[in-house]
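Structure first, commentary second.
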Amino acid sequence: MLKKCIGSLALMLTLTVFIHYAQAADVKGSPSVQINGQKLSTSALIEKGSTMVPLRAIFERFGAEVQYEATTKTIVATKGTTQVTYKIGELTAKENDQTITLKTLPIIRNGVTYIPLRMVAEAFDANLLWNGTAKSVIIRSPENNVHTPASEILKSYASDPMSNVSKALGFPGQPRLMFINADPLQKMITLTNVSDKELDLSGWYLKEFQKNGSYVFPMGFILPIGQNVRIAVGNDRGDLNWNSKGIFREGAPNRIDLYKPTDKNVPVLMWEG
């Protein structure tokens, strides 16, 4: 998994950042970094418009071994047969024998090396979200990121456009933005971005069809391309939590609709199960 994902670093590192916030990690109000529900002691920072996060703390949390060779000023991250190396001050890195061009230089602040946020998340096939209200970068590590890729979702729809997947992808004539799925047993709702752009879900909301409750996404909540967000219902196991226990009903049909804040009459997506 790691080897396959790090191979896509060249493409991933050309992507632009999707959030703007504090100028330094120790500034009041700077964004926190959360991995698998646990907050890192080191915050993120901004360098020339790019979101930067602490390399060692995150790579080690993902299970990679990180070393720094002082004589050559080279950082080496290793997991299994894959090795990523970067020499401080250069605009290239290496994944085994492959040269990768970086858009933003990693930096060192107070003895901590920071690298572009998406390099960390996407290199390890992790899931990345931004909660603007909480000023928090939310990262889910690979072992906690089991989901159906956006490409497979779209392929399933193309092969059978009349299936339930079509409702969960949107109604006829609407652009394919997201896919909604739910697991009543786990009490979890998942939204996957299947579009070619980041989606700002500020004010969007989920509603249980029988009007047993609704959930409104926080302002500034960003769902990046190909990523997914998990909304836990009545528990705290999700990226976001819907504090209601009457959403999923046993022995009866369930339906969850997704609405834009600008149109409260027609849902964008519908899940039934």
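What follows draws every value from the coordinates through simple rules; no lab data is involved. All values reported here derive from a predicted model rather than from experimental measurement. Because the Cβ atoms are built from the backbone with ideal geometry, glycine has one as well, and the counts that use them run over all protein chains shown.
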- Task: With θ set to phi - 60°, apply the Karplus curve 6.51 cos²θ - 1.76 cosθ + 1.60 along the stretch 61-75 and write out the HN-Hα couplings as whole Hz, x wherever there is a Gly or Pro.
- Result: 5, 7, x, 8, 8, 10, 10, 10, 9, 4, 5, 9, 6, 10, 9
- In whole Hz, what ³J(HN,Hα) sequence does the stretch 229-243 give by Karplus (6.51, -1.76, 1.60; θ = phi - 60°), x for Gly and Pro? 10, 10, 10, 7, 9, x, 8, 10, 8, x, 5, 10, 10, 9, 7
- Put +1 on the Cβ of every Lys and Arg and -1 on every Asp and Glu Cβ in the stretch 199-273; which of Leu201, Asn243, Asn228 then has its Cα farthest towards the positive end of the dipole? Asn243
- Query: Sorted by packing (mean other beta-carbon atoms within 10 Å per residue), highest first, where do 213-222, 60-69 land?
  - Reply: 213-222, 60-69
- Task: Hey, can you grab everything whose amide H is under 5 Å from the amide H of Ser43? Only 5+ residues off in sequence or another chain; H modelled, so Pro and N-termini drop out.
- Result: none
- Message: Going by Cα centres, the stretch 49-109 and the stretch 210-273 are how many Å apart?
- Response: 37 Å
- Item | Evaluated over the stretch 150-272, the Cα radius of gyration and Dmax, each in Å | 13.7, 38
- Query: Can you give the FRET efficiency for Glu65 and Lys87, using 1/(1 + (r/R0)^6), R0 = 30 Å, r = Cβ-Cβ distance, to the nearest 0.05?
  - Reply: 0.95
